[in-house]
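The values are calculated or read from the model by the stated rules, or taken from the named source; none is laboratory data. What you are looking at is a predicted structure, and each value in this text was computed from that prediction instead of being measured. In this analysis, Cβ positions are derived from the backbone assuming ideal geometry, glycine residues included, and neighbour counts consider all displayed protein chains. Note: areas computed on protein heavy atoms with side chains; ligands, DNA, RNA excluded. Shrake-Rupley method; radii C 1.70, N 1.55, O 1.52, S 1.80 Å.
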Amino acid sequence: MNHSQKYFIVILSLIFFSSFKIIAQTNVIRSVEYQQISSFENHMGISSMKLSSDGSKIVFATGGYTRKVYTINSDGSGLKLIYDFANTGFGPFVDINANGSKIIWCDYIGTGEIFISNSDGSSINKIITLLPNPDPNFADMKPEIPVPPRITADGITVYFIHNHRDPKGTGVWEVYSDGSNLQQVFNFSNMAIELFGRNVNEFWTTSFSSGFDISANAEAILVGTPFFKIEVSDYNRGDLVVFKNGTFYHLGEYAVGNQPFSVSKDGNSFLVFSREFIDSLGYDVININFTQIGSGEGKTVVRNLDNFGTSQFSQIAGETGKAIVLGANGRLPISYVNRISESYFDIVSIDAIGNYLGGFGFSSSSLPSINWNGDKFCFLSGSANGFSQIWIASINSNGIASTPSISEVEFLPNYVTLDKSIISTFKAHVISAPYTIELVTFEAFKDEKIQNGALKSDWPYNGILVDNGESGDESSDDHYFTNNSVQVNLLETPLGDYTIRIAALNSTLKQITMVDASPFKIIDQINDIDDSKNLPTEFALYQNYPNPFNPNTTIKYSIPLKVKSETSNVASDFSLSKVTLKIYNILGREVLTLVNQKQKPGNYEVEFDAKNLSSGIYFYKLQARELTLTKKMILLK
């Protein structure tokens, strides 16, 4: 069958299925623009990295052959060597204050001394050398700092953990940036007595902490200790403790990892990796939760990472409820989470392009750090050749203003069939003047996870969109990249709703844009379609269109017949469910109810008139029984 015949079949199928309302407007859900800002010619061995809260500057440290501290502007300019330890070993711990003017680093090897300087390397001072021993009969202590120290947003005070065999010496300490006011904030002994009713003076406490974070002004200090869990041979959990306004709070348990918890800048919200044993599975899973003091269970944003995954890193963006997280063993790449929508998405899963660059495995990237606004983050790309590079990324609502620019994404039709009798054409407008486009790829996501091998296309353009006037592309070099042979790859590919990630790389090989677009479906064989099989298979809320809007926009959603539980194979019947669709402002206050009634399974759309509302960001939340979905919209008047 030639390409014109295939295209004819697609058009016929488009007409045939239009009565079933499977076809819908393709919407770009989000976009991320990536810029490689470093150009290292050898293996740097970067071991610690932090982005300033305003997103202007990065501090990072190297280990291995040389242990050094550097700063670099987030646009890639101004790379500067700040400090050279002139010996080998693990890289120092680093941190940076909110506006990027002050940096601190800690000599991880040996003494544990803490240094501070301006971010341009001027005025370097050593502010910690020895700590006063709580027992006056013994000499002052050399600092033993197991986790990165933290500097307050204003750059005035440094907080750190010191581990010592004496529980009165072990604890959280503070010091001013000029080296004065060195004192202990609290010790392990007091915490154990007040929270757990334990006298630990007879114990060594070198296992006191496996994580540490502070709010912007250190009003809330967050520490984790596996000490009491180790006593009962539980090496995978620890107790999470908040010290706020002079009071200890037990926040619950956490899954042991490198930085498995974090605190918001206002000190009122906490993000925690936690372990839960699932009877039906027979093993632990890891969930990631937002929680507050005294709030109970909190909001789960990532569920059911299996027991091969571990907690690696988390950082809350600010008061916005956004955060960045990283899991181990490839089970959770660098992901962006949002407590408002209780959702997440893998933000660096674009390995088709990464592999093209010579081994940059983006989904195995590390050391993520996010700014306070939650719209910019940095990370270290994984690399097979050892030349890992620093990237900065910006999160946008669409890819139009990004470099490269991606717009006019289309799926015609927006589904394929499992028996491969129906194929789809993907198309996107991609430009990056004055540079040419090197590569455009697509991948399929389901439930915010990449589905390797779900879709394929005819060789030699499998997973690639082209602009060569061949293989289904209408005109060469018109900046419209097309693939008209997209189909199901494997027979066991799950049915249901998908998001398609389209990514473009330009000829600099250092600039990438990705956009996530929906809706796209994989449905059953064409000959088996009937009314029941035409019903939605998943509970779904789509991005409003247009977005931004003024003052009218359309919201579409799908109510399925049955929904399977996440922990069992039992399906809940949604044959007649109470459905609500509500609008909230950025403060979380309800401003309007669009739907509040029982509805049968099917696809729905609602017109939203915002003529009486002011410009700004709003959220729309769909709820049916215990299921909820939330998305963001922008009103521009």
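For this structure, a couple of remarks:
- Residue in the stretch 160-178 that is open to solvent by less than 10 Å² (accessible area, probe 1.4 Å), aliphatic (A, V, I, L, M) and under 30 Å from the mean Cα position of the chain (by Cα) present: yes
Residue by residue, here is whether (1) of a type outside the set (Ser, Thr, Tyr); (2) more than 13 Å from Val348 (Cβ to Cβ); (3) open to solvent by 50 Å² or more (accessible area, probe 1.4 Å) holds:
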site: Ser366; (1), (2), (3): no, no, no
site: Ser381; (1), (2), (3): no, no, no
site: Trp391; (1), (2), (3): yes, no, no
site: Ser402; (1), (2), (3): no, yes, no
site: Phe411; (1), (2), (3): yes, yes, no
site: Thr417; (1), (2), (3): no, yes, no
site: Ile422; (1), (2), (3): yes, yes, no
site: Ala433; (1), (2), (3): yes, yes, yes
site: Ile437; (1), (2), (3): yes, yes, no
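- Within the stretch 476-504, considering residues that are modelled with pLDDT of 95 or more and small (Gly, Ala, Ser), the one farthest from Gly602 (Cα to Cα): Ala504
- As a summary of the residue check, Glu443 satisfies the conditions (1) farther than 30 Å from Ala540 by Cβ; (2) out of contact with any Leu (no Cβ under 7 Å at 6 or more places or on another chain); (3) part of a strand (DSSP E or B); (4) among the acidic types (Asp, Glu) except for the one numbered (1).
- Residue pairs whose Cβ atoms lie under 6 Å apart, sitting 6 or more positions apart in sequence or on different chains, and linking a residue in the stretch 485-507 that is in contact (Cβ under 8 Å) with a residue 60 or more places away in the chain and closer than 17 Å to Asp447 by Cβ to a partner that is among the β-branched types (Val, Ile, Thr) and open to solvent by 30 Å² or more (accessible area, probe 1.4 Å), are Leu495/Thr537.
- Pairs, first without any contact (Cβ under 8 Å) to a residue 24 or more places away in the chain and of a type outside the set (Val, Ile, Thr) in the stretch 135-161, second open to solvent by 30 Å² or more (accessible area, probe 1.4 Å) and outside any loop (DSSP other than H, G, I, E, B), C-beta under 6 Å, six or more apart: none
- Residue match in the stretch 34-43 (condition: touching a Ser or Thr at 6+ places or on another chain (Cβ under 6 Å) and either more than 30 Å from Tyr557 (Cα to Cα) or part of a strand (DSSP E or B) (or both)): no
- Matching strands (runs of 3 or more DSSP E) fully within the stretch 230-344 where at least 1 residues are open to solvent by 10 Å² or more (accessible area, probe 1.4 Å), over 30 Å from Ile151 (Cα atoms) and among the aromatic types (Phe, Trp, Tyr): 270-278, 283-291
- Scanning the stretch 3-34 for residues that are modelled with pLDDT of 95 or more and open to solvent by 30 Å² or more (accessible area, probe 1.4 Å) returns a single hit, Glu33.
- When the stretch 56-75 is filtered for residues that are buried (at least 18 other Cβ atoms within 10 Å of the Cβ) and touching a Lys or Arg at 6+ places or on another chain (Cβ under 9 Å), the ones remaining, listed by number, are Ile58, Val59, Phe60, Ala61, Thr62, Tyr70, Thr71, Ile72, Ser74.
- Gln184 passes every criterion in (1) closer than 23 Å to Lys50 by Cβ; (2) in a strand (DSSP E or B); (3) open to solvent by less than 60 Å² (accessible area, probe 1.4 Å); (4) in contact with an Asp or Glu (Cβ under 9 Å, 6 or more places away or on another chain) apart from (1).
- Tabulated pairs, the stretch 35-61, first at positive phi, second open to solvent by less than 20 Å² (accessible area, probe 1.4 Å) and assigned to a strand (DSSP E or B), C-beta under 7 angstrom, 6+ apart or interchain: Gly45/Thr62
- Pairs, first within 17 Å of Cys378 (Cβ to Cβ) in the stretch 332-344, second at pLDDT 85 or above and not in a strand (DSSP E or B), C-beta under 7 Å, six or more apart: Pro333/Val348; Ile334/Ile347; Ile334/Val348; Ser335/Ile347; Tyr336/Ile347
- Among residues of the stretch 598-637, those that are on the phi > 0 side of the Ramachandran plot and either open to solvent by 60 Å² or more (accessible area, probe 1.4 Å) or of a type in the set (Val, Ile, Thr) (or both), counted: 1
- For the stretch 459-478, a residue qualifies if it is surrounded by 16 or more Cβ atoms within 10 Å (Cβ to Cβ) and not polar (S, T, N, Q), and the qualifying residues are Tyr461, Gly463, Ile464, Leu465, Val466, Asp467, Gly472, Asp473.
- The listed residue being at pLDDT below 95, surrounded by 12 or more Cβ atoms within 10 Å (Cβ to Cβ) and over 17 Å from Leu182 (Cα atoms), out of Gly100, Gly112, Gly91, Gly78: Gly91
- From the list Ile114, Ile156, the lone residue that is in contact with a strand residue (DSSP E or B) (Cβ under 6 Å, 6 or more places away or on another chain) and of a type in the set (A, V, I, L, M, F, W, C) is Ile114.
- Inspection of the stretch 37-47 finds a residue satisfying the criterion of being modelled with pLDDT under 95 and of a type in the set (A, V, I, L, M).
- Only residues that are in a strand (DSSP E or B) and closer than 30 Å to Ser47 by Cβ were counted in the stretch 387-420, giving 6.
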